[in-house]
Amino acid sequence: MKKIIITLDGYSSCGKSTLAKQMAAHLNYVFIDSGAMYRAITLYFIRHGIDLVNVTAVHEALSRIQLSFVLNEKTGRADMYLNNENVEEEIRGLAVSNQVSQVAALEPVRIFSVAQQQLMGEQKGIVMDGRDIGTAVFPEAELKIFVTASPEVRVERRYQELVAKDPAITKAEIQSNLEMRDHIDSTREFSPLKKAHDALVLDNSSLTRDEQLELALSWAKERIESA
Ligand code: DC
């Protein structure tokens, strides 16, 4: 059976990663969370106080960053490592979320990340989620999905995800973070978030996880058969 590349793009918190993970597990493909890479770079920039308008400092910082995904035997998922340190948990918090879109908008950061993402797709058989995967990283991907969900549904989902770890978090904080990121991600100069002209739209506002998976897998099977 021929392997293909599947891309999932869309706004923050519409369930892209959940769907991408499930699709990869069903197809026996590799799942890659490209957002984790931008988050890990952001964590490095925060820790080292990198001034985002200082291009030399940004380049220098990137030259000191090594990113890798390492399988976590307990969860069965790949954790994000920054210079050999597992940062999976830390990159999900609000401190990183509040800065990541500004960092991801920088051209050197995009060039650095996209080159690594393209290498990961060389053997095909991957499901990658992000913002520019179907437009800039793999414009020739066999299946591109643009995932959407209503703003209320997205805030609720992110709240449920974060409240266990941070009981003081509020829905208003999450809503303003999502609105800010959506705005920066879709209006930035370098590879802004937009639907690829040949992407299939999946609005999961009123779909269960199983229903959206079934629909996406039916598209994948069709594309794999005709690859
Ligand atoms: O998917 P996520 O919320 O973990 O992504 C974090 C941020 O990284 C998001 O606000 C925008 C940026 N990002 C990007 O610019 N391009 C990608 N391919 C993936 C994420």
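The values are calculated or read from the model by the stated rules, or taken from the named source; none is laboratory data. Quick caveat, the model's predicted, so the values are computed rather than measured. Reconstructed Cβ throughout: ideal geometry from the backbone, glycine too, with neighbour counts over all protein chains shown. With ligands, DNA and RNA removed, areas are computed over all heavy atoms of the protein, side chains included. Shrake-Rupley method; radii C 1.70, N 1.55, O 1.52, S 1.80 Å.
Here are the numbers for the structure shown:
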| read-out | value |
| --- | --- |
| Within the range 66-113, tally of residues that are over 18 Å from G49 (Cβ atoms), open to solvent by 20 Å² or more (accessible area, probe 1.4 Å) and either within 11 Å of the ligand (Cβ to nearest atom) or in a helix (DSSP H, G or I) (or both) | 6 |
| Close pairs from the range 116-139: first more than 12 Å from S191 (Cα to Cα) and part of a helix (DSSP H, G or I), partner away from the ligand (no atom under 13 Å from the Cβ) and among the charged types (D, E, K, R), Cβ under 9 Å, at least 6 apart | none |
| Residue check, H59 over 26 Å from R154 (Cβ atoms) and either open to solvent by 60 Å² or more (accessible area, probe 1.4 Å) or near the ligand (Cβ under 10 Å from one of its atoms) (or both) | yes |
| Matching entry among A227, A196, A220 (being under 30 Å from M1 (Cα atoms) and in contact with a helix residue (DSSP H, G or I) (Cβ under 6 Å, 6 or more places away or on another chain)) | A196 |
| Residue among R92, R154, R110, R158 that is more than 27 Å from Y81 (Cβ to Cβ) and in contact with a helix residue (DSSP H, G or I) (Cβ under 9 Å, 6 or more places away or on another chain) | R154 |
| Residues of the range 118-141 satisfying the condition of being among the hydrophobic types (A, V, I, L, M, F, W, C) and either touching an Asp or Glu at 6+ places or on another chain (Cβ under 7 Å) or within 10 Å of the ligand (Cβ to nearest atom) (or both) | M128, I133, A136, V137 |
| Residue check for L162: under 16 Å from K16 (Cβ atoms) and assigned to a helix (DSSP H, G or I) | no |
| Qualifying residue in the range 153-176 (condition: within 15 Å of the chain's Cα centre (by Cα) and open to solvent by 60 Å² or more (accessible area, probe 1.4 Å)) | no |
| Hey, E156 without any contact (Cβ under 8 Å) to a residue 40 or more places away in the chain and part of a helix (DSSP H, G or I) or not | yes |
| Filter result (surrounded by 15 or more Cβ atoms within 10 Å (Cβ to Cβ) and more than 21 Å from the chain's Cα centre (by Cα)) within the range 27-51 | I50 |
| Filter result (open to solvent by less than 30 Å² (accessible area, probe 1.4 Å) and outside any loop (DSSP other than H, G, I, E, B)) within the range 1-26 | I5, I6, T7, L8, D9, G10, K16, L19, A20, M23, A24 |
| Checklist (1) open to solvent by 30 Å² or more (accessible area, probe 1.4 Å); (2) within 13 Å of the ligand (Cβ to nearest atom) applied to D182, failing item | (1) |
| Filter result for F31 (more than 18 Å from R131 (Cβ to Cβ), within 14 Å of the ligand (Cβ to nearest atom) and either free of Cβ contacts under 8 Å to residues at least 40 places away in the same chain or not acidic (D, E) (or both)) | no |
| Of all residues making up the range 195-211, the number that are in contact (Cβ under 8 Å) with a residue 60 or more places away in the chain and in a helix (DSSP H, G or I) | 1 |
